[in-house]
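For reference, the structure discussed in these notes is given below.
The values are calculated or read from the model by the stated rules, or taken from the named source; none is laboratory data. Here the structure is a predicted model, which is why all the values come from computation and not from measurement. Cβ atoms come from the backbone with ideal geometry, glycine included; neighbour counts cover every protein chain shown.
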Amino acid sequence: MPDIILQYEPWLRLGAFAAVLAGMASWEALAPRRQRAVSRWARWPSNLGIVVLNTALMRALVPVAAVGIAALGEERGWGLLNNMALPGWIGLLAAIVLLDLAIYLQHALFHAVPALWRLHRMHHADLDFDVTTGARFHPLEILISTGIKLGVVAAIGAPAVAVVMFEIVLNATAMFNHGNVGLPPALDRVLRWIVVTPDMHRVHHSVVPSETNSNFGFNLPWWDRLFGTYRAAPAAGHEGMTIGLDDFRDPSQLRLDRMLVQPFVGSPGPYPLDSRPSPMRRSALPNVNTEAGKLRR
């Protein structure tokens with residue numbers, strides 16, 4: 001099985017991405033959790049365009065993928081797990097859990113450091129929240145994140161097959177928990193002990209800084225509970241909460257060219273690890289703004 005996963009890695013990645021994207025988009029269309037603030041046509045070209053741009057840039061600038069570093073580490077005995085006598089399946093699970101912890105810590109870091117937050121806030125500047133938001137990241141953030149991931153993979157000695165499995169699962173869960181969908185409350189309460197659910201992660205995209213400071217997990221939900229960053233629900237409720245950032249509420253900011261320059265304009269804004277409320281004009285928030293309201297379906 002590990003050999004098959006490595007042999008067909010590119011097709012497994014592409015197939016999983018396409019299947020989850022199509023499935024979540026269909027679910028959102030049939031049973032949306034929230035009324036859309038902005039139409040898909042105003043957001044999706046740019047959100048999917050950034051995916052294409054990031055993929056092309058990464059192939060050009062970072063030809064050595066994390067799976068390549070993992071394979072080299074296995075060959076040369078790099079890292080923690082490659083120097084421990086563990087059964088194969090335990091090493092596999094340990095690597096996946098440690099990689100997920102690293103993603104959680106990296107996410108918190110991108111919120112805490114002003115320069116990194118400027119890059120990451122493009123992800124939060126989306127005026128709505130759906131499956132495509134899960135892939136909306138600035139190219140510079142992707143580049144820095146890849147460098148961190150390469151170092152983590154080498155340090156923990158993750159098996160190559162664990163890296164492939166983790167990246168496929170993380171990509172799928174990121175699209176799932178950014179979905180504009182809802183689960184029955186009883187099921188959601190159970191699932192959010194196992195995986196980050198859409199209702200859990202949606203809180204993180206609230207315009208309220210103290211809520212943006214919460215629920216950093218993308219895949220496993222344990223780290224937020226362990227480190228005290230878990231918040232069960234937004235104060236305004238999921239139907240009443242406002243998505244996005246105060247500094248980027250003009251719908252023109254949804255264009256791809258505007259998205260790419262967002263890190264270099266405006267004030268740094270409130271960092272999510274500073275949970276003090278900022279002086280916002282709440283009266284203007286419920287309908288995003290007048291212009292965005294015109295784009296609502």
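Looking at the structure I just gave you, is Ala16 under 30 Å from Phe227 (Cα atoms), surrounded by 12 or more Cβ atoms within 10 Å (Cβ to Cβ) and either among the small types (Gly, Ala, Ser) or without any contact (Cβ under 8 Å) to a residue 12 or more places away in the chain (or both)?
No; evaluated as a whole, the condition is false for this residue.
Which of the residues belonging to region 39-71 are of a type in the set (A, V, I, L, M) and free of Cβ contacts under 8 Å to residues at least 12 places away in the same chain? I'd like the intermediate steps shown before the answer.
Taking region 39-71 and keeping what is of a type in the set (A, V, I, L, M), we get 42, 48, 50-53, 56-58, 60-62, 64-67, 69-71.
Selection gives Val52, Ala56, Ala60, Ala65.
List the helices (runs of 4 or more DSSP H) inside region 145-261, counting only whole elements, that have at least 1 residues being over 24 Å from Ala29 (Cα atoms).
Correct list: 160-177, 185-191, 209-212, 222-227, 256-261.
Give me the pairs: first residue in region 243-255 and more than 14 Å from His205 (Cα to Cα), second residue charged (D, E, K, R) and surrounded by fewer than 22 Cβ atoms within 10 Å (Cβ to Cβ), beta-carbon distance under 7 Å, and six or more apart or on different chains, which are they?
The qualifying pairs are Asp250/Glu291; Pro251/Glu291; Ser252/Arg258.
Would you confirm whether any residue within region 186-198 is in contact with an Asp or Glu (Cβ under 8 Å, 6 or more places away or on another chain) and modelled with pLDDT under 95?
no
Quick check: anything in region 78-98 modelled with pLDDT under 95, among the aromatic types (Phe, Trp, Tyr), surrounded by fewer than 22 Cβ atoms within 10 Å (Cβ to Cβ) and in a loop (DSSP other than H, G, I, E, B)?
Yes: region 78-98 contains one or more residues that are modelled with pLDDT under 95, among the aromatic types (Phe, Trp, Tyr), surrounded by fewer than 22 Cβ atoms within 10 Å (Cβ to Cβ) and in a loop (DSSP other than H, G, I, E, B).
Given the criteria free of Cβ contacts under 8 Å to residues at least 24 places away in the same chain, out of contact with any Lys or Arg (no Cβ under 8 Å at 6 or more places or on another chain) and either over 24 Å from Ala162 (Cβ atoms) or of a type outside the set (Asp, Glu) (or both), does Leu30 qualify? Lay out the reasoning, then the answer.
On the way: free of Cβ contacts under 8 Å to residues at least 24 places away in the same chain: yes; out of contact with any Lys or Arg (no Cβ under 8 Å at 6 or more places or on another chain): yes; either over 24 Å from Ala162 (Cβ atoms) or of a type outside the set (Asp, Glu) (or both): yes.
Yes, satisfied.
Whether any residue in region 145-152 is of a type in the set (Lys, Arg) and within 30 Å of Leu86 (Cβ to Cβ) is what I want to check.
yes
So Arg258 ticks every box in (1) more than 22 Å from Trp117 (Cα to Cα); (2) at pLDDT 95 or above; (3) of a type outside the set (S, T, N, Q) but one. Which box is left unticked?
So Arg258 meets the others, but not (1).
Out of the residues in region 1-56 meeting the condition of being at pLDDT below 90 and not in a helix (DSSP H, G or I), tell me which one is farthest from Pro159 (Cα to Cα).
Per the criteria, the residue is Ala37.
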